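K.L.:
Below is one structure. I have some questions about it.
The values are calculated or read from the model by the stated rules, or taken from the named source; none is laboratory data. Worth saying up front: this structure is predicted, and the values here are computed from it rather than measured. Positions of Cβ are generated from backbone atoms using ideal geometry, with glycine treated the same way; all protein chains shown enter the neighbour counts.
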Amino acid sequence: MEYKKLTPEEERVMLNKGTELPFSGEYDDFFEEGTYVCKQCGTPLYISSQKFNSGCGWPSFDQEIPGSVSRTADPDGMRTEISCTHCGAHLGHVFEGEEFTKTNTRHCVNSISMQFIPKNTEG
């Protein structure tokens, strides 16, 4: 499979495990209906009904599309990284036990790691 050519900022976040500034991402305060896909490979990651406003400054989801997101403990042992299962692109981190939603899970995702596909254009 051929991956999308990334900008230097997309590479910094997705390939080098960087983080975009809080409240700066395109999807932080965005609540349209549709699907969020990996910007590098196009794998569907999250659907809009899983998104919620956590106030943290990054898009938050309480669950992923099954099988689309991998979890890996950060070397510091304090956080859990999430990445695209298909291509390995860094998405952000997942946190549990915060009681924001019934799933008690918050995927804190960099907007730059995703592309939004509106519901009316999904295949």
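K.L.:
Take the conditions assigned to a strand (DSSP E or B), surrounded by 19 or more Cβ atoms within 10 Å (Cβ to Cβ), of a type outside the set (Ser, Thr, Tyr) and in contact with a Lys or Arg (Cβ under 6 Å, 6 or more places away or on another chain) and apply them to His93. Does it pass?
P.N.:
yes
K.L.:
Test each condition in (1) over 19 Å from His93 (Cβ atoms); (2) among the β-branched types (Val, Ile, Thr); (3) in contact with a helix residue (DSSP H, G or I) (Cβ under 8 Å, 6 or more places away or on another chain) for Val13 and report the one that comes out false.
P.N.:
(1) is the only condition that Val13 fails.
K.L.:
Can you name the number of the only condition in (1) farther than 20 Å from Glu98 by Cα; (2) surrounded by fewer than 17 Cβ atoms within 10 Å (Cβ to Cβ) that Gly25 fails?
P.N.:
(2)
K.L.:
Here is a follow-up. Hey, His90 hits all of (1) of a type outside the set (S, T, N, Q); (2) more than 14 Å from Met14 (Cα to Cα); (3) under 10 Å from the mean Cα position of the chain (by Cα) but one; which does it fall short on?
P.N.:
With respect to (1) of a type outside the set (S, T, N, Q); (2) more than 14 Å from Met14 (Cα to Cα); (3) under 10 Å from the mean Cα position of the chain (by Cα), His90 is out only on (2).
K.L.:
I need every pair where a residue in the range 76-89 that is free of Cβ contacts under 8 Å to residues at least 24 places away in the same chain has its Cβ under 8 Å from the Cβ of a residue that is surrounded by fewer than 19 Cβ atoms within 10 Å (Cβ to Cβ) and acidic (Asp, Glu), sequence separation at least 6 or different chains.
P.N.:
Thr80/Asp74
K.L.:
If Met78 passes every condition in (1) touching a strand residue (DSSP E or B) at 6+ places or on another chain (Cβ under 9 Å); (2) part of a loop (DSSP other than H, G, I, E, B); (3) closer than 25 Å to Asn104 by Cα but one, which one does it miss?
P.N.:
Result: Met78 fails condition (1) only.
For (1) touching a Cys at 6+ places or on another chain (Cβ under 9 Å); (2) of a type in the set (Val, Ile, Thr); (3) on the phi > 0 side of the Ramachandran plot, each residue gets a yes or a no:
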| residue | (1), (2), (3) |
| --- | --- |
| Asn16 | no, no, no |
| Leu45 | yes, no, no |
| Gly55 | no, no, yes |
| Arg71 | no, no, no |
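K.L.:
Turning to a different aspect of this structure: Return the residue satisfying two criteria in turn: it lies in the range 31-51 and is touching a residue at least 40 places away in the same chain (Cβ under 8 Å) and surrounded by fewer than 15 Cβ atoms within 10 Å (Cβ to Cβ), and of such residues it is farthest from Ser111 (Cα to Cα).
P.N.:
So the residue we want is Glu33.
K.L.:
What number of residues in the range 96-119 are without any contact (Cβ under 8 Å) to a residue 12 or more places away in the chain and outside any loop (DSSP other than H, G, I, E, B)?
P.N.:
Adding up the residues that qualify gives 1.
K.L.:
Is it true that Pro59 is touching a helix residue (DSSP H, G or I) at 6+ places or on another chain (Cβ under 8 Å), free of Cβ contacts under 8 Å to residues at least 60 places away in the same chain and either surrounded by 12 or more Cβ atoms within 10 Å (Cβ to Cβ) or under 26 Å from Glu2 (Cβ atoms) (or both)?
P.N.:
Criteria met by Pro59.
K.L.:
So, in the range 74-90, exactly how many residues are hydrophobic (A, V, I, L, M, F, W, C), modelled with pLDDT of 95 or more and within 17 Å of Thr19 (Cβ to Cβ)?
P.N.:
Count: 3.
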